[in-house]
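In what follows, a single structure is set out as structure tokens and then discussed.
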Amino acid sequence: MPVLLETKKLTKHFGGLAAIQDLDLVVNKGEVVSLIGPNGAGKSTFFSLVTGFLHPSKGFVMFNGENISGLPPHKIAKKGMVRSFQLVSLITKCSALENVSLAFHLNTGIGFWETWLHTPSSKKKEMDILREAVELLDFVGMAGMQNELAGNLSLGYQKMLSIAMHLAASPKLLLLDEPTAGMSARETDTTIRQLGKVRDRGVTMMVVEHDMRVVMSFSDRIIVLNYGHKIAEGSPYEIQNNKQVIEAYLGTEQ
């Protein structure tokens, strides 16, 4: 498969501490890659480096064949790399439909004057946005919920709404930071199914997740970090049977 994201010798120092050290990593188009490791392993730092929220101390980031090292987050997002944060950021007093529609507005070419003057082209774009927003809500399992206030939704549905908003940007790569954190077992199962639909849609994903049930059931490939170093990489089966990973991260049978 073609390479979508690649890092070479990626390093980030905070003072004398290397949060990420000489990390070589590849994400291919169409796959789901999970990044796991204990707290402090460097997972969130990695996400911040590739999305431009932090600048590398050394090394570089290639996205879709282009060196994006040092670019600001908004320019990286426009190139198709979209990050979903662990804490859901929604306009809680707006409806689900309004939240997704706003996300579309941020990524369409509707100009100020055509909106203000209510030109035929702006009216058509508005109708297209509403139709696509409803379709995205249906896609993430929120059919019939478009008029629900975002602040009244359960955590599971809030995270699904957040994913719908991110899909409105037509991402080439979707970075998910602990998509099931704080969820009940039932909400987690629903989220796994919905994310599977996103994967089937052809969206490439990279996931940071602590729930190993989610990681093992959802990932094509898993990369394990420890103190900023990659210590293992492989399929869920290979990671499950890697002694170093079992002892350090997945636990051992007593």
For Asp211, all conditions in the list (1) touching an Asp or Glu at 6+ places or on another chain (Cβ under 9 Å); (2) under 17 Å from Pro38 (Cα atoms); (3) at pLDDT 90 or above hold save one; what is the number of the exception?
(3)
Which strands (runs of 3 or more DSSP E) sit wholly inside the range 161-254 and have at least 2 residues that are crowded, with 23+ Cβ neighbours inside 10 Å?
173-177, 204-208, 221-226
Single match in Gly52, Gly59, Gly80 (criterion: touching a Leu at 6+ places or on another chain (Cβ under 6 Å), more than 23 Å from Glu233 (Cα to Cα) and small (Gly, Ala, Ser))
Gly52
Residue by residue through the range 158-194, note down the ones that are under 11 Å from the mean Cα position of the chain (by Cα) and under 16 Å from Val32 (Cα atoms).
Ile163, Leu167, Pro171, Lys172, Leu173, Leu174, Leu175, Leu176, Asp177, Glu178, Pro179
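Give, as residue ranges, the helices (runs of 4 or more DSSP H) completely inside the range 1-107 that count at least 3 residues that are at pLDDT 95 or above, assigned by TED's automatic domain parsing to the domain that holds Gln244 and not hydroxyl-bearing (Ser, Thr, Tyr).
Working: elements: 43-50, 73-78, 96-105.
Fully inside the range 1-107 and qualifying: 43-50.
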When the range 20-43 is checked residue by residue, the ones that are free of Cβ contacts under 8 Å to residues at least 60 places away in the same chain and farther than 19 Å from Lys8 by Cβ are Asn39
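The values are calculated or read from the model by the stated rules, or taken from the named source; none is laboratory data. This one's a predicted model, so the numbers in the text were calculated from it and none came from an experiment. Note: ideal-geometry Cβ built from the backbone for every residue, glycine included; neighbour counts use all protein chains shown.
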